[in-house]
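Any read-out appearing in this document is the output of simple, stated calculations on the displayed coordinates, not a laboratory observation. Only a predicted model underlies this, so the values are computations on that prediction, with no experimental measurement involved. Positions of Cβ are generated from backbone atoms using ideal geometry, with glycine treated the same way; all protein chains shown enter the neighbour counts.
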Amino acid sequence: MTYVDGFVVPVPKKNVDAYMRMSRKAGKIWIEHGALSYKECAGDDLNIKGVLTFPKGIKTKAGETVIFAFITYKSRAHRDRVNAKVMADPRLGKMPQSMPFDPKRMMYGGFKAKVDL
């Protein structure tokens, strides 16, 4: 079964383009070091009645949207090897020092895929 790193990030709407430019650069690095896929998705249909929505769950502020992202790997061990290479890659140091979001509000976790169709 595959392994997935998942992220949920509140991003000011005015910064979504800058966030996506940064994500495209980062995603290429992850893929070059062996990640199976790298996806960054901007909120579109987020006002659903009867459930806890992403904006409520992550407590977005006025003018923010939600980015849902995930990276897939062959296994957790594969994820750990890929991430070690990514973190050592000097191109990450060239990313903007000023992030287009508040990294302290990012939700993150690693997940074992239990259904993988």
- Task: For residues that are touching a Gly at 6+ places or on another chain (Cβ under 9 Å) and of a type in the set (A, V, I, L, M, F, W, C), scanning just the range 35-78, find the one that is farthest from residue 14 (Cα to Cα).
- Result: 35
- Query: Do we find a residue being exposed (fewer than 15 other Cβ atoms within 10 Å of the Cβ), in contact (Cβ under 8 Å) with a residue 40 or more places away in the chain and either among the aliphatic types (A, V, I, L, M) or outside any loop (DSSP other than H, G, I, E, B) (or both) anywhere in the range 41-58?
  - Reply: yes
- Within the set of pairs 6+ apart or on separate chains, which have a first residue in the range 20-37 that is at negative phi and among the β-branched types (Val, Ile, Thr), a second that is assigned to a helix (DSSP H, G or I) and surrounded by fewer than 17 Cβ atoms within 10 Å (Cβ to Cβ), and C-beta atoms under 7 Å apart? 29/91; 29/92
- Note on the structure: Out of (1) closer than 24 Å to residue 25 by Cα; (2) of a type in the set (Lys, Arg); (3) in a loop (DSSP other than H, G, I, E, B), the one residue 81 does not meet is (3)
- Query: If you take the residues of the range 64-78 that are surrounded by 11 or more Cβ atoms within 10 Å (Cβ to Cβ) and more than 15 Å from residue 6 (Cα to Cα), which of them is nearest to the chain's Cα centre (by Cα)?
  - Reply: 65
